[in-house]
Amino acid sequence: MQKKMKWVMRSTVNRTVSIGATVALLALVSSLMSGCVQQTLQVSPATLSIHPPVENIHSAYVVMGEGGKASARVLTSAVQCPVIDIDGTSQAMRVRVLPATVAMRGDPASSKEAAFPVLTCEANLPAGAARASVGNIKLQVPRAVIHRIVLIADTGCRMKAADNAFQDCNDVEKWPFAQVAQSAAALKPDLVIHIGDIHYRESPCPPGNQGCAHSPWGYGYDTWAADLFIPARPLLMAAPWLFVRGNHESCARAGQGWFRFLDSNSWSEARSCNNPKLDTEGDFSDPFTVSVAADTQLIVFDSSKAGSKGYSARDEGYKKYVPQLLQVGALVKSGQHNFFLNHHPVLAFAIAKEADQVKSGNEALQSVMNLVYPKRLFPEGVDLVLNGHVHLFESLNFSSNHPSTVVVGNAGSGNEGSLPQPLPAGAQPAPGAVVENFSTRSEYGFATFDRVDGGWELTEWDVMGKAILRCSFQAGKMVCQKI
């Protein structure tokens, strides 16, 4: 066992060196292509041919969307979209969005233009498709029956000058997302759910800091490749992904890349985050559902623009979230499991400055949720909530009438500490939410959700794929035990 562990760590280090070299190459490609982007933009999508060599493909993956619709995505440095083979029939992939260098977002003193030198292509996968491929690249089509789901959130390497926070992106132990992705892929999931905050490299690495030296930064493709497409490659190829948007993917931050690469809806200029005047459109997306079993559906809610303070009726968040929460009520199916997915925890705790204290859930969302669904915050029928944002694992259920909650924000981004155990006397994540069972883990890892005997079982794994906690979800209650 000891020899095996040493081999895995050595393999991880070698792969990380490869990741660093690939990131440097992507940065060079981006630099070389930036001078010809405007010429590329003059090419109409209708005139693009569809026969590039497969070796120009940087990434290929499948995105799940409303009603379980699946979209095959390909990122290529060619000026043409490739052909996709679906169940033996070849067809052209269509252009989702052309390469471009787009205006900077964020503080002009610490930001820059975002270069996207890759062509993003897509193709709808029909329901029931058995296989799909692009050249010799096999894509994972949606499974007819979902037995295992991988849950991750908050995965990128944190580089933010405003917080003086610079994670050691070059250290596989201090930024372990590549190993997390490899370990999760080895468990052969049927679906991967990322619950937001993918992109973290917002500021340049300070001179002399070897932990993040040579890392790309900003909101362009090179940082998306470094934070997601390169380290997550084994997991991207293992199963379709359902992406839930986090605050790091809001328009003022990495929203441009979100809409180019990951959003499940069709790309449009109005919802591209390129024009700050249209951010009200880009920052709020309608909720949608994805079925994962005959009696279980996911409700995906975009909370990327949620603030930290309660809303008044004048606030844009109030005006947007209230009707969207009413939509959630209409999406709930009676007599089924309804799992609510959003990035910001409403019924979970965050780490406080005082070691023996905790912070409650997101007050902005609580203020509008309590208006639409008084006291419970969620419509009846929602029996489980899945979140990220807080960089640790949490599982809570309540003796009050509130849905169980799980937080899976420990998959790679900077570790923020731990919550006290037991909780401070009387601690409640929201007014009236009385905690019955609580489990937490601050170390890096990921979770799986398995269909077991008609119910569900959640397992929390460490970075190397060792099971740490096992949680039974029965009758709306999530109870965890150490393994």
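At a glance:
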| quantity | calculated |
| --- | --- |
| Relative packing of peptides 219-232, 464-477 - highest average C-beta neighbours within 10 Å first | 219-232, 464-477 |
| Helix axis angle, 363-372 relative to the chain longest principal axis, alpha carbon, degrees | 70 degrees |
| Under 12 Å from K188, Cα to Cα: aspartates and glutamates that are on another chain or at least 8 residues apart | D450 |
| Placed amide H near F116: partners under 5 Å, 5+ positions off or other chain | A100, T101, V102, Y221 |
| Positive-end extreme of charge dipole, the chain - chosen from V292, Q336, V390 (charges on Cβ) | V292 |
| Nearby aspartates and glutamates by direct alpha-carbon distance to K375 (threshold 20 angstrom, same-chain neighbours under 8 apart not counted) | E363, D383, E436 |
| Nitroxide proxy distance, nm - points 7 Å out along Cα→Cβ at E354 and E436 | 2.9 nm |
| Share, in percent, of DSSP beta bridges within the chain that are antiparallel, nearest 5 | 75 percent |
| Gain on full stretching of the segment that runs from S399 to A162 - 0.36 nm per residue minus C-alpha separation | 81.3 nm |
| Estimated FRET transfer efficiency (K309, I483; beta-carbon r; R0 41 Å; 0.05) | 0.55 |
| Three principal axis lengths of the chain [C-alpha, angstrom, descending] | 61, 50, 49 |
| Label point at E443 placed 7 Å out along Cα→Cβ; residues across the stretch 450-477 whose backbone nitrogen lies under 17 Å | 459-471 |
| Eligible lysines near K353 by straight Cα distance, threshold 23 Å, same-chain separation 8 or greater | K160, K174, K309 |
| Value at 222 nm in deg cm²/dmol, rounded to 500, when DSSP H runs of n ≥ 4 in the chain each add -39,500 (n - 2.57) | -5500 deg cm²/dmol |
| Fully extended contour minus Cα-Cα distance, from Q327 to S110, at 0.36 nm per residue | 74.3 nm |
| Relative contact order for the chain, counting Cα pairs under 8 Å that sit 6 or more residues apart, in percent | 13 percent |
| Segment V452-K375, extension gain: residue separation times 0.36 nm, minus the distance between their alpha carbons | 24.6 nm |
| Tensor-based shape of the stretch 353-483 (alpha-carbon gyration tensor, a/c under 1.5 rounded, otherwise prolate or oblate) | oblate |
| Rounded to 5, the percent of DSSP beta bridges in the stretch 217-350 classed as antiparallel | 50 percent |
| Efficiency of FRET from Cβ geometry, S291 and I137, R₀ 25 Å, rounded to 0.05 | 0.40 |
| Under 5 Å, built H, 5+ apart or other chain: amide partners of V141 | A132 |
| Tilt relative to the chain, helix 2-33 - C-alpha long axis, 0 to 90 degrees, to 10 | 50 degrees |
| Column: log10 I(q)/I(0), Debye, Cα scatterers of the stretch 415-475, q = 0.25, 0.27, 0.30 Å⁻¹ | -1.09, -1.12, -1.18 |
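Readers should treat all values here as calculations from the given coordinates under stated rules, not as data from a laboratory. Bear in mind that the values here come from a model prediction, so they are computed numbers and not experimental data. Virtual Cβ from ideal backbone geometry, glycine too; neighbours counted across all protein chains shown.
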